[in-house]
Amino acid sequence: MNRRCHDLLAVLRKPARMTALSLAQWDRLLPQARAAGLLARLAVLAEDLDLSAELPPPVRPHLTAARTLAERQRRAVLWEACKLDAALATTGMPVLLLKGAAYVLGELPPARGRLFADIDILVPKDRLGEAEARLMLHGWHATRHSDYDQRYYRDWMHELPPMTHLRRGSHLDVHHNLLPETARLKTRPERVIEAAQPLPGYRCLRLPALEDLVLHSATHLFHEGEWQHGLRDLTDLDALLRLGAARSDWWPALLERARQLNLVDPLALALRYTRRLLATPVPAAVLPEVSKSTSRLTWPLRDALFLRGFATAHADCRLPGTRPAAFLLYVRAHALRMPLRLLLPHLVYKATRRREKATP
């Protein structure tokens, strides 16, 4: 990442460094952290170490405002979880929370200071229609989509078209798999469902195993074509990995689970870049083990692309070549999702739609 982003990475690695930053450094860091969705996380880190009083007075209101927004969103997620539980409890199906909602309901480290765009859940594929019908009865409806978009989600993807609640405006993504139906990698969501644990106080909501939360987060991050919040998602992974590392058998268990779910490659990427950018304590022996199936010749290209992907949130952080790298990552994400016979017509369709929208 650009040297101008050095301070952001430095305080994410060692939050105590916040007290040594000058106002000029904060002037660069605050917009970078806000653009990456990490400002509230910095506020939490400062709070945990009792650093707030040592920070420059002009900086404190920014952190306080971000922390307040994150807390408001956390409460909204808890409320929506109650509504989801009420809507789907009578079906008797397991409903797994994913990503941010799982972190909040499971009281996991990444939840603190995290911002949310939507709630993600996973249900068994053979119960998908039943889940959609119940959610619609309780006010969630698919946002407007063309016939093509409906087919894209329902035939090819791993989720329903995004849903929005008519009254509350909350956004919901209903998954039946971790990866699209047409993806190159094939995984086994039924194993994730089997290993999930009930959440106390809820009738149908479940929390995936910690290994599965790591693997889903890694898969989501490294199969996405949008990198605005890539660094935020990497900090989620860092927090989950540090939590797991407290277990004596964590690293062998995580790698074995990745093999079972056929998600070793996303895990290899997650471990490489959390270690490199956030100094996550990944044992040196684990990286070669998890990267066995990846040709060494591909790593320089991967580094060139992904390091630029993580730097896209704010203009200050961008490296030379960030724009073409972002485009290649976008194409890569779609190529991982669908075979060439579907990909080329899809990209042409998307480009045509964007051109039509841009035309006054």
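The values are calculated or read from the model by the stated rules, or taken from the named source; none is laboratory data. If you're wondering where the values come from, they're calculated on a predicted model, not measured in any experiment. Positions of Cβ are generated from backbone atoms using ideal geometry, with glycine treated the same way; all protein chains shown enter the neighbour counts. Just so you know, the surface numbers come from the protein's heavy atoms only, side chains and all, with ligands and any DNA or RNA stripped out. Shrake-Rupley method; radii C 1.70, N 1.55, O 1.52, S 1.80 Å.
Below, the figures for the structure above:
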read-out	value
Sites matching trypsin sites (Lys or Arg not before Pro) across segment 126-167 that sit in DSSP coil, with at most 13 neighbouring C-beta atoms within 10 Å	ARG144, ARG167
FRET efficiency for HIS165 and ALA284, using Cβ-Cβ distance with R0 set to 56 Å, rounded to 0.05	0.75
Distance from segment 229-305 to segment 122-147 (C-alpha centre basis), Å	33 Å
Under Karplus coefficients 6.51, -1.76 and 1.60, residue-wise ³J(HN,Hα) of segment 296-306 in Hz, glycine/proline x	4, 5, 7, 5, x, 5, 4, 4, 4, 7, 6
Antiparallel bridges, percent of DSSP beta bridges restricted to the chain (to nearest 5)	65 percent
Sparse-neighbour loop sites [trypsin sites (Lys or Arg not before Pro); segment 261-360; at most 16 other C-beta within 10 Å; DSSP]	LYS292
Residue of LEU347, LEU39, LEU108 that the Gaussian network model of the chain assigns the largest fluctuation, springs spanning Cα pairs under 10 Å	LEU347
Separation of the TYR349 and SER52 label points, Cα + 7 Å toward Cβ, nm	5.0 nm
Helix-only [θ]222 nm of the chain, DSSP H runs n ≥ 4, -39500 (n - 2.57) each, per residue, nearest 500	-17000 deg cm²/dmol
Separation of the HIS138 and ALA245 label points, Cα + 7 Å toward Cβ, nm	3.8 nm
Vicinal HN-Hα couplings computed from phi for segment 310-319 (Karplus, 6.51 cos²θ - 1.76 cosθ + 1.60; Hz; Gly/Pro x)	5, 9, 7, 4, 9, 4, 4, 8, 6, 8
Potential extension, ARG17-ALA315 segment - 0.36 nm per residue separation minus Cα distance	105.0 nm
Kirkwood hydrodynamic radius of segment 18-85, Cα pairs, Å	12.9 Å
Exposed GluC sites (Glu not before Pro) absent - longest run of the chain, DSSP non-H/G/I/E/B, at most 13 other C-beta within 10 Å	227-360
Using alpha carbons only: equivalent-ellipsoid semi-axes of segment 245-360, gyration tensor based, whole Å	33, 19, 12
Carbon plus sulfur fraction of accessible area for segment 109-261, probe 1.4 Å, in percent	50 percent
Projected-area average for the chain over all orientations - Cα convex hull basis, square nanometres	19.4 nm²
